[in-house]
Amino acid sequence: LCPQGQLLAKSWSSLFNGKAGAALRGSIYSFNGRNVLTDPLWPHRLTWHGSTPRGGQARRQDCQGWRSSGAGRGLAAPLAEGRLLAGQRHNCSEA
């Protein structure tokens, strides 16, 4: 459940292994209470993870341990797909 009491996914495995095109249930809120899925502050709506599809560390694909906003690449997944460990490469400089 989300802090707002909404169901985010049916199960732990469906949260990470959802089918392409499956949308997350409910909303995702930032620490300051903004809805990440609708607020213009998050134009790309990605979850940055740097993990393999099985949850292991994807070496050299995590923006240097999330310390760099340079020209490197990191793995992220579009929230709308409902597969939080889907690996798409994005520039570390993306917001």
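Can you tell me which of His90, His49 is closer than 26 Å to Gly5 by Cα, modelled with pLDDT of 80 or more and under 14 Å from the mean Cα position of the chain (by Cα)? Let's see the steps before the verdict.
Details: His90 fails: closer than 26 Å to Gly5 by Cα.
Step by step, each of His90, His49 is checked, and only His49 is closer than 26 Å to Gly5 by Cα, modelled with pLDDT of 80 or more and under 14 Å from the mean Cα position of the chain (by Cα).
Give the residues of region 54-87 that are in contact (Cβ under 8 Å) with a residue 24 or more places away in the chain and in a strand (DSSP E or B), sorted by residue number.
The answer is Gly74, Leu75, Ala76, Ala77, Pro78.
The values are calculated or read from the model by the stated rules, or taken from the named source; none is laboratory data. Bear in mind that the values here come from a model prediction, so they are computed numbers and not experimental data. Positions of Cβ are backbone-derived with ideal geometry, glycine not excepted, and every protein chain shown enters the neighbour counts.
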